């Protein structure tokens, strides 16, 4: 069959994939449906689209053109949600910034992204002011989104901009689905953050793939606990719009806020790091919680302890663990559940749930490969290798960083930098970050495995295990330990404890009792500990 | 932001969309899960993928190359389902042929499609033999799929082919998502059938869009009542594979078969024309039916009578009406439900359900336009115009028919040939096929509206209303009527009946009592009646 030219794509049968389509459809079909609950505010889908259009028109009036970057510093408010559409409707690229970063890093991001306009919640105004004071280049135009505190001087009022007539403004739609939609900076634990570029196609497929993979049906009531500055809140701003869901915004995440939102608004779904699950379990210990209905939870960010998973399920939460990175628009691997496992006991089920899982429907492949040779490794549940990914929700690349992009895409796959084993059933289970792996006498030791043993010691509140150079073994593990207030433990006790629970070569020989260095977002800076270890 | 060349698509982050991805993922993640129930046979997803691979390898051995056409004449069997993947895995284009067609039309299709291989269920062997006897060109290679009856002489045994070693055969994956996947011939009521081309991208998006739009979650048990020769069974072969569903094959559709499959296999979903709903209602009148669980039904093909919708819902079926054409991969418009309507009485709800609806999530737009000028028409529930569609699940075009393709895509939209009104809430309600509309004194008369009134007359078993040339009014409606066995009615009675229920200008002046001409698939041939009407 030869292909005639009249069979090529045309506007009637080829529409570049974009999440903007979801908002247009939902606003047209469900105009009066409740879209956003943000504190006392209630917005319908018709209102949300109109507000997005008004902001897009305002951005255009401020000179924003196709491909410009619009940054936002804000918690999970209606305005943060709307920015996910409004900025694209102006043809621009949305750059959500983590407001827990230090000012210096925010300065770096604003400069590197060449931000033209900064959308700013007043809660983040002090940070923005400090960051902008150090800018070498022109300061971006600031739009004050309101919120607690004072507006920055010389900022435009969002509220006023929204009241202006949009005139004959026509919202942008991409002519190329590969067009950049978002620019998200990684929060690496070392080095400068890298700017990850998303395209319209990926965001569209992320939404439809998540609906299929998570089994989302009807109109969820989604509590937005995951910060939208992390991978655009795992893409749920677009996913939930496709479903005409109701989004419950959340400025501050706490067990009380979550439980209250479930009772007040009938929340059916939310997402959160394992620490959020821990908060729920702890709160339920203090005050018993009776859920009015099953609530589905997507958890990611770090492998949740099996014990927490078990307890939170007992409370009535249906938890699905997922795995992903900023470079993959968020979750791309999911811990699917086989009905045959229902008969297993709780501990076995928790162990199965603790595995990160298998590819979401929109992903093509997730495998492991040798960290040195790049060769594929067997699915034997033992061989440890780097997780490599392939699919339509992998980033375009790093903004202004060709070298890092080529390194990440070596051998035709995306290199996650995470080390895992893969079981015969295809499930990945994360063992470590590549750079945190300790290689002792030719054996790979997962720092996470050793840490998880030490975390079970009752005196320990925080622990980090890193490699220490060793003339005989190459490297050996060393543990840096923070004790709980009022607790005591000696190095000898911890050594014995580890010997009981770990193979000999995995047991740290050295234990240092000191406070752990952390980033402004609370991640332990292991690279600093590795430096420390050389001197011990 | 300027786009650097290193940010262009590469294999790690751009994978052409294809439904083949769904089978790979489902077979890898759910190898032991029940995929197909076909009479006494049970196949797991691992087995299904292996069988698809084996057939693809066999097609390659038979000389099938990329872009060749493989046709199939079969009811809804495991082999028919598997052909939806195996043919694409050989790089070929699948052409499902309606086995209710006459031999002459099948000959035309085989010649027009330049079929290289014909997959043939023995149930369809007599038709295939008759069709091939008239072929001017080389006969296709026939693969005998088994089934009731005798195999054609000189056919290859599918069972034997499947037993051969696949050697180093590597399944095809498209390098271009626009590559042709299927070639489906329309069953028009006049003229030669047209060959509609689907691409891989469209089939992929049809599946994900259907999951989001129909709210499919978990693993449905899908009863395949819709013939796969109609728009590839509305694309559900791909959709259900994406969900690792269980597919229950169905050689002969009857109320008994459906009810039995629900009881025996826990069927949760099926699709069917309104006539299938009618069968269920009739069967339940004879023998009360108690459904063990809610069953979701997608119905399409003709507007179902509100009374049937009402009754079938009472039985426990949750019916969603959809609308689409062969040219749109099947359903692209869906009758969504607003919770606010739950409080309405049954008749009002049935009327709302009888409207065809609004675009599915994968579609961009569905509107109506003036049939003469192409101008958009208002959503007032009164203006009648042609349904025009735009989106990624609209065909590439008609095979070897540039003129028809250009006509269908005039003005940058796909012209459906169906006439509808559109309500202020965006819902379309079909009134007629364009060519069946009667224009009397400048007023559009929907033949369907007049027919639906006459269908309520107790003596009438079938009716068709067409235009009759009229010197004063241009056209006037004329009714051709079949009476029920033993019933009587006069033209005068029917005229009075119509006057009671219709505006004066819509009332047919003439009534002809005679049997209606029908195609081999049971569609009334109105073009023959229009010829008859000229002579009356």
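The values are calculated or read from the model by the stated rules, or taken from the named source; none is laboratory data. What you are looking at is a predicted structure, and each value in this text was computed from that prediction instead of being measured. Here Cβ is always computed from backbone atoms with ideal geometry, including for glycine, and neighbour counts include all displayed protein chains.
For the reader, a short list of remarks on this structure follows.
- Scanning the range B:58-91 for residues that are within 23 Å of residue B:201 (Cα to Cα), outside any loop (DSSP other than H, G, I, E, B) and either within 13 Å of chain A (Cβ to nearest Cβ) or within 20 Å of the chain's Cα centre (by Cα) (or both) turns up B:69, B:70, B:71, B:72, B:80, B:81, B:82, B:83, B:84, B:85, B:87.
- In the range B:264-275, residue farthest from residue B:324 (Cα to Cα) [restricted to those that are in a helix (DSSP H, G or I) and more than 14 Å from the chain's Cα centre (by Cα)]: B:264
- Among the numbered conditions (1) surrounded by 19 or more Cβ atoms within 10 Å (Cβ to Cβ); (2) within 29 Å of residue A:98 (Cβ to Cβ); (3) touching a helix residue (DSSP H, G or I) at 6+ places or on another chain (Cβ under 8 Å), the only one that residue A:445 does not meet is (2).
- Scanning the range A:96-111 for residues that are over 21 Å from the mean Cα position of the chain (by Cα) and either closer than 16 Å to residue A:195 by Cβ or in contact (Cβ under 8 Å) with a residue 40 or more places away in the chain (or both), we see that the one that is surrounded by the most Cβ atoms within 10 Å (Cβ to Cβ) is A:107.
- Residue satisfying all of: in the range B:1-15; within 8 Å of another protein chain (Cβ to nearest Cβ) and in a helix (DSSP H, G or I); nearest to residue A:196 (Cα to Cα) among these: B:7
- Search result, residues across the range B:16-44 that are farther than 14 Å from residue B:246 by Cα and either surrounded by fewer than 22 Cβ atoms within 10 Å (Cβ to Cβ) or more than 8 Å from chain A (Cβ to nearest Cβ) (or both): B:16, B:18, B:19, B:20, B:24, B:28, B:29, B:40
- When the range A:231-263 is filtered for residues that are assigned to a helix (DSSP H, G or I) and closer than 20 Å to residue A:289 by Cα, the ones remaining, listed by number, are A:255, A:256, A:257, A:258, A:259, A:260, A:261, A:262, A:263.
- Filtering the range B:207-219 to residues that are free of Cβ contacts under 8 Å to residues at least 60 places away in the same chain and under 28 Å from residue B:254 (Cβ atoms) leaves B:215, B:216, B:218.
- Odd one out for residue B:245 among (1) at pLDDT 95 or above; (2) within 17 Å of the chain's Cα centre (by Cα): (2)
- Restricting the range B:157-178 to residues that are in a helix (DSSP H, G or I) and touching a strand residue (DSSP E or B) at 6+ places or on another chain (Cβ under 8 Å), the residue that is surrounded by the fewest Cβ atoms within 10 Å (Cβ to Cβ): B:161
- The criterion of at least 2 residues that are touching a strand residue (DSSP E or B) at 6+ places or on another chain (Cβ under 6 Å) and closer than 21 Å to residue B:304 by Cα is met, among strands (runs of 3 or more DSSP E) falling completely within the range B:434-536, by B:460-470, B:474-483.
- When residues in the range B:379-410 are screened for being in contact (Cβ under 8 Å) with a residue 12 or more places away in the chain and more than 7 Å from chain A (Cβ to nearest Cβ), 19 of them pass.
- Among the residues of the range B:179-201, those that are in contact with a strand residue (DSSP E or B) (Cβ under 8 Å, 6 or more places away or on another chain) and not in a loop (DSSP other than H, G, I, E, B) comprise B:180, B:181, B:182, B:183, B:184, B:185, B:195, B:196, B:197, B:198, B:199, B:200.
- Within the set B:333, B:421, B:388, B:358, the sole residue that is modelled with pLDDT of 95 or more, in a strand (DSSP E or B) and out of contact with any strand residue (DSSP E or B) (no Cβ under 6 Å at 6 or more places or on another chain) turns out to be B:358.
- Meets criteria (under 18 Å from the mean Cα position of the chain (by Cα), within 11 Å of chain B (Cβ to nearest Cβ) and either within 22 Å of residue B:32 (Cβ to Cβ) or buried (at least 21 other Cβ atoms within 10 Å of the Cβ) (or both)) for residue A:327: yes
- Taken over the range B:361-375, the criterion of being modelled with pLDDT of 90 or more, over 25 Å from residue A:218 (Cα atoms) and surrounded by fewer than 21 Cβ atoms within 10 Å (Cβ to Cβ) is satisfied by B:369, B:370, B:373, B:374, B:375.
This table checks each residue for (1) within 18 Å of residue B:371 (Cβ to Cβ); (2) surrounded by 15 or more Cβ atoms within 10 Å (Cβ to Cβ).
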| site | (1), (2) |
| --- | --- |
| B:422 | yes, yes |
| B:426 | no, yes |
| B:455 | no, no |
| B:490 | no, no |
